[in-house]
Amino acid sequence: QYQIQVTNPHKVGDAISSYILYNVITTTDCPAYRQPTTVVHRRYRDFLWLYTQLAHRYPGAIVPPPPEKSALGRFADDFVESRRAALEVMLNRIAAQRLYEEDPDVVLFFQSNDFAADSRASTIAAHAAEESLYTVSAAHGADGAAGAPSSAAAAASGLPLSPSDLGRGAAPHGGGPQATPDPHAPNPDGTDPYLTHQFEHLQALEGQLRHLMRALEVLGRQQREARGAATDVAVSLDTLAQVPLD
């Protein structure tokens, strides 16, 4: 069970890099937490980080989003209060879902006292795990039978041949050169060599599709980061425009 409050929005920083900071007060009986009540300070981009982490970790799941960014009027009292309320709703909806209640990034968000460093480490670890999985998937797609002996090697070493090896005309161990069989003739075990070939082709396509999916995920993440950077530039320009010239 969680009880979460987002309170005391206040402006910090100078005219160029100012932002709104919130107190996040969490009360929970979840055993993943060091204390039953925690109070931490978070800014808008920290809430956005939590949403991004969960959306990436649980594709297809519904993750309550933060309110939209705004480059204009973001320090107005009405806007700040509206955003505070929306952020509080977001956190309570996330915590209400059993899928997320003990998620390591959720726990980190609610109790870390060094959030900048801890969130950066979590992001790096997630990217490293993703790249590792991407590499394994790519290698599997490039050679779905990696580590398995070839037909010729199996025959030379005395290993038993698979039906598909026999269907491709590999010599059984202990025998001499064999004539290439009719590609449309059934294998000795009754399997169809054409279907065997098609199955291997589908395995190769599966590996290529996994490779493509990972590449699209990386591209999507880069696009989200680019949009966030563009918004930050717009916010900075708006702040500069409000600085008196005299």
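Kindly indicate whether TYR44 is crowded, with 17+ Cβ neighbours inside 10 Å, aromatic (Phe, Trp, Tyr) and touching a residue at least 40 places away in the same chain (Cβ under 8 Å).
Spelling it out, TYR44 is indeed crowded, with 17+ Cβ neighbours inside 10 Å, aromatic (Phe, Trp, Tyr) and touching a residue at least 40 places away in the same chain (Cβ under 8 Å).
May I ask you to verify whether VAL218 is modelled with pLDDT under 75, closer than 27 Å to GLU68 by Cα, loosely packed, with under 13 Cβ neighbours inside 10 Å and β-branched (Val, Ile, Thr)? No; evaluated as a whole, the condition is false for this residue.
Filtered by the rule that a residue be within 30 Å of ALA234 (Cα to Cα) and of a type in the set (Lys, Arg), region 1-36 gives a lone residue, LYS11.
The set of residues from region 58-75 being at pLDDT 90 or above and either under 16 Å from PRO104 (Cα atoms) or of a type in the set (Asp, Glu) (or both) comprises TYR58, VAL63. Kindly indicate whether any position in region 20-31 is within 28 Å of the chain's Cα centre (by Cα), in contact (Cβ under 8 Å) with a residue 12 or more places away in the chain and part of a helix (DSSP H, G or I). No, because not a single residue in region 20-31 is within 28 Å of the chain's Cα centre (by Cα), in contact (Cβ under 8 Å) with a residue 12 or more places away in the chain and part of a helix (DSSP H, G or I).
Pairing residues of region 83-104 that are under 14 Å from TYR51 (Cβ atoms) with residues that are in a helix (DSSP H, G or I) and β-branched (Val, Ile, Thr), at Cβ distances under 6 Å and at least 6 apart in sequence or on separate chains, gives TYR100/ILE94; TYR100/VAL106.
The values are calculated or read from the model by the stated rules, or taken from the named source; none is laboratory data. Computed from a prediction, not measured in an experiment: that's the story for all the values here. Neighbour counts are summed over all protein chains in view; Cβ atoms, including those assigned to glycine, are modelled from backbone coordinates with ideal geometry.
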